[in-house]
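See structure below.
The values are calculated or read from the model by the stated rules, or taken from the named source; none is laboratory data. What you are looking at is a predicted structure, and each value in this text was computed from that prediction instead of being measured. Glycine gets a Cβ as well: all are built from the backbone with ideal geometry, and neighbour counts include every protein chain shown.
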Amino acid sequence: AMKDGFNQYAPMPGANFLKETIAEKVEKLYNVKYNPSTEITVTAGGTQAIFTALATIINSGDEVIIFEPAYDSYAPTIRLLGGLVKTYELAPPNYSIDWDMVKKLFTANTRMIILNSPQNPTGSILSENDMNALIKLINGTDILILSDEVYEHLIYDEQKHQSVMLYQELRERSFIVASFGKLLHATGWKLGYCLAPEKLTKEFRKVHQFNVFSVNSAMQQAIAEYIKEPANYTEIGTFFQEKRDYFRGLLAESRFKLLPCNGSYFQCASYSDISDEKDTDFSMRLIKEFGVATIPVSAFYQKATDHKIIRFCFAKEKSTLALAAEKLKNV
């Protein structure tokens, strides 16, 4: 792409050839049409899209509901913008949502709900029942949705990704964030996109123009060419499910209790049968004594809630997973 001359600024909303390819991909997967010119914006990764969507909507005193454990950019961004974080804590092992309890968080200042499915760090996913419950919950309100769907292709066991775009009542009030870094397992490329109705996209781009302006031109061209072949994104779920199953099979011989993993490339595990240490201390000991790096799930809670659970990432070579598992069997 660079040799072909794609080295200057791309248009602020994204290169047309990439936006058109995204629209084709979305329609193929979900049978939903987004206008490339007015409803798709290319971003410098998923996190920038999340920041920009929040900055588009949230003002001082506005409340945003998030589900914890949560990706750690949500709460700081909300606070940076003067908003207030309202937290619903998900409980292991299934991390399911009681929507009646969510409704109790609603106030006159509730402006947005952030969804994340498949979820980081838990690997849980939202069901059709969840989406229908959410529709009933927000009916008659002006609450908007920010749907972080960066792991949309990493859904396992023949389950279906419940994107908010599949539901008209949600789609018309939602920003949907996607990531090519996650899709292509190339997070260092920092390229993603945001789907939203025209009226929301118009406001989104007002912020996007002045915090990023334009995204890597050559990378947009290269990715557009790559995803023209559907197999390059439709088969990634099978690829990572094999890794999940392989890693879970290896850890079955350990003392860790594996939690369900329905999506993403994260596997959570309880070590409560092994130690009563804080998860931060246990994770540090795993590194120092066993040479295995994990993330304590308390890091994904604002209150550092500790359920004695850690998060593994199985987006690694099989040899690396096998070596890690051998070490973990000795814990």
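Structure summary
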{"item": "Which numbered condition ALA231 fails, given (1) within 22 Å of the chain's Cα centre (by Cα); (2) within 22 Å of SER124 (Cα to Cα); (3) of a type in the set (Gly, Ala, Ser)", "result": "(2)"}
{"item": "Of all residues in the range 121-148 being closer than 16 Å to PRO260 by Cβ and free of Cβ contacts under 8 Å to residues at least 60 places away in the same chain, the one that is surrounded by the most Cβ atoms within 10 Å (Cβ to Cβ)", "result": "LEU126"}
{"item": "Meets criteria (over 21 Å from LYS199 (Cβ atoms), more than 17 Å from the chain's Cα centre (by Cα) and of a type in the set (Lys, Arg)) for LYS19", "result": "no"}
{"item": "Test: THR77 is closer than 16 Å to ALA178 by Cα and either acidic (Asp, Glu) or modelled with pLDDT of 95 or more (or both)", "result": "no"}
{"item": "Criterion: modelled with pLDDT of 95 or more, crowded, with 18+ Cβ neighbours inside 10 Å and more than 22 Å from ILE66 (Cα to Cα) - qualifying residue of TYR156, TYR151, TYR233", "result": "TYR156"}
{"item": "Any hit, the range 237-257, residues being of a type in the set (Val, Ile, Thr), buried (at least 19 other Cβ atoms within 10 Å of the Cβ) and either within 28 Å of ILE155 (Cα to Cα) or outside the structural domain of TYR271 (by TED's automatic domain parsing) (or both)", "result": "no"}
{"item": "Tabulated pairs, the range 279-294, first touching a residue at least 12 places away in the same chain (Cβ under 8 Å), second aromatic (Phe, Trp, Tyr) and assigned to a helix (DSSP H, G or I), C-beta under 9 angstrom, 6+ apart or interchain", "result": "THR294/PHE282"}
{"item": "Number of positions in the range 108-134 that are closer than 20 Å to LYS303 by Cβ and not in a strand (DSSP E or B)", "result": "5"}
{"item": "Any hit, the range 275-292, residues being in contact with a helix residue (DSSP H, G or I) (Cβ under 7 Å, 6 or more places away or on another chain), outside any loop (DSSP other than H, G, I, E, B) and of a type in the set (S, T, N, Q)", "result": "yes"}
{"item": "The range 300-331, subset under 30 Å from ALA75 (Cα atoms) and basic (Lys, Arg), residue surrounded by the fewest Cβ atoms within 10 Å (Cβ to Cβ)", "result": "LYS303"}
{"item": "Residue within the range 107-120 that is in contact with a Lys or Arg (Cβ under 8 Å, 6 or more places away or on another chain), of a type outside the set (Ser, Thr, Tyr) and either within 23 Å of THR77 (Cα to Cα) or touching a residue at least 40 places away in the same chain (Cβ under 8 Å) (or both) present", "result": "no"}
{"item": "Within the range 93-107, considering residues that are of a type outside the set (Lys, Arg) and touching a Leu at 6+ places or on another chain (Cβ under 6 Å), the one nearest to VAL297 (Cα to Cα)", "result": "PRO93"}
{"item": "For ASN94: the one exception among (1) under 26 Å from ASN132 (Cβ atoms); (2) surrounded by 14 or more Cβ atoms within 10 Å (Cβ to Cβ)", "result": "(2)"}
{"item": "Subset of the range 41-64 that is aliphatic (A, V, I, L, M) and crowded, with 22+ Cβ neighbours inside 10 Å - its residue that is farthest from the chain's Cα centre (by Cα)", "result": "ILE58"}
{"item": "Condition check for SER298: part of a helix (DSSP H, G or I) and not aliphatic (A, V, I, L, M)", "result": "yes"}
{"item": "Of the criteria (1) of a type in the set (S, T, N, Q); (2) touching a Ser or Thr at 6+ places or on another chain (Cβ under 7 Å); (3) within 22 Å of ASP157 (Cβ to Cβ), which one THR294 fails", "result": "(3)"}
